[in-house]
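K.L.:
Below you will find the structure I want to go over with you.
The values are calculated or read from the model by the stated rules, or taken from the named source; none is laboratory data. This is a predicted model, so every value here is computed, not measured. Neighbour counts are summed over all protein chains in view; Cβ atoms, including those assigned to glycine, are modelled from backbone coordinates with ideal geometry. What goes into the accessible areas is simple: the full protein's heavy atoms, side chains included, and nothing from ligands, DNA or RNA. Shrake-Rupley method; radii C 1.70, N 1.55, O 1.52, S 1.80 Å.
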Amino acid sequence: TVELHTSAWMRAERAHQTARDRWQQARERLAELAGAPAEDPDALPPGPPEVEGASRAQLERRRHEIEAELERIGSVDMQAIEAYEQALREFEAARTAHADLVAARRALEAWQLALEEVAAARFRQTLEAASREFDGMIRRLFGGGQGQLRLDGSVEGGRVEMEVHLPAKRPQPAVALSGGERALVFAAFIFALQRVRPSPVCVLDELDAALDEPNLERLVGVVQELAQDRQILFITHRQRTMEAATSLFGVTVDEQGVSRLLVLRMGDVPRVFGAEVQPAERLGAER
């Protein structure tokens, strides 16, 4: 066994010496080709400038500094590179998502601005059309005069003002008019909107309560025209308004605490006192 180990050691020594010789030959050949003298293979590489010529005490102090720095750094995490690459991938994904969100936000803001511009333009167009219809309704309900719808402020934060110039009166806002005049002005405003943007059903609650007979007659005429292409529910106690309706719905109390609904179709009214009752023009359902 000793002989076998000795033989193996001698073979390894010879291989090491052979490799060393070849390495030296290669260095000499490279030095020859480069025109420089060959270096001593056993010589140590030169140290940094601060080490060359330093004393032993200085080298010891520098060694302690390096050891302290290594102690502060701590052990090397072999998974640090993999963790860094994973964090970098997550960061890139988050940055891409953030860029997509920023682009989407800018697109939404652009769409919002475009929609606001379209809405504002349509609102102004509708207001102009409603103002023309409002002026016509004022002239018809009051037998003359003028009316205008005006935007006070911006479309987003402003308000619509109604300016009315009644016959034989100075121009004034609607809130400065009497009760009957205000009722007709507001009726003109509602009817103007119905002309511009019709709705299938319109409910009028006691709109005629403060009107005298001539103004009531003009109001009923306008309502009858509007009732040609929409259903109007008119809550009223005025006889003239009821006469213009095609159907009447009423509530009566026959007994204490008991109410009953009455329905009358004007077309079903029979002859009364020898005269046939003709149905009025279509107005809608009234109470």
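K.L.:
Over segment 65-129, with every protein chain in place, what whole percent of the accessible area is carbon and sulfur at 1.4 Å, could you tell me?
P.N.:
62
K.L.:
Work out from phi, with θ = phi - 60° and the Karplus expression 6.51 cos²θ - 1.76 cosθ + 1.60, the ³J(HN,Hα) of each residue of segment 204-219, listed in order in whole Hz, and give x for Gly and Pro.
P.N.:
Per-residue couplings from phi come out as 10, 10, 6, 5, 9, 5, 9, 9, 7, 5, x, 5, 5, 4, 5, 4 Hz.
K.L.:
Under 5 Å between amide H atoms, partner at least 5 residues away or on a different chain: which partners does V203 have, H built in plane at 1.01 Å?
P.N.:
Here L233 satisfy the definition.
K.L.:
If packing is taken as the average number of other Cβ atoms within 10 Å across a peptide's residues, how do 250-256, 158-164 rank, most packed first? Don't skip to the answer; put the middle values down first.
P.N.:
On the way: 250-256: 8.3, 158-164: 15.1.
Descending mean neighbour count gives 158-164, 250-256.
K.L.:
Where does segment 86-145 land on the Kirkwood hydrodynamic radius, alpha-carbon pairs, in angstrom? Provide the component values of the computation, followed by the final result.
P.N.:
Numbers: mean 1/r = 0.0635 Å⁻¹.
Evaluated over segment 86-145, this radius sits at 15.7 Å.
K.L.:
Follow-up. Quantify, in whole percent, the carbon and sulfur part of the accessible surface of segment 164-272 (1.4 Å probe; protein heavy atoms only).
P.N.:
Ligands and nucleic acids excluded, carbon and sulfur give 56 percent.
K.L.:
Provide the solvent-accessible area of I81, counting protein heavy atoms only and rolling a 1.4 Å probe, rounded to the nearest 10 Å².
P.N.:
Rounded to the nearest 10, the figure is 120 Å².
K.L.:
Within 10 Å of each candidate Cβ there may be at most 14 other Cβ atoms; applying that plus a DSSP loop requirement, which trypsin sites (Lys or Arg not before Pro) in segment 220-268 survive?
P.N.:
Taking segment 220-268 and a limit of 14 other Cβ atoms within 10 Å, the loop trypsin sites (Lys or Arg not before Pro) found are R230.
K.L.:
Something else about it: Between L261 and R106, what is 0.36 nm times their sequence separation minus the Cα-Cα distance? Round to one decimal in nm.
P.N.:
Working it through step by step, the gained length comes to 49.9 nm.
K.L.:
With every protein chain kept in place and ligands, DNA and RNA left out, what is the accessible area per residue of segment 90-175? Probe 1.4 Å, answer in Å².
P.N.:
Averaged over the residues of segment 90-175, the accessible area is 70 Å².
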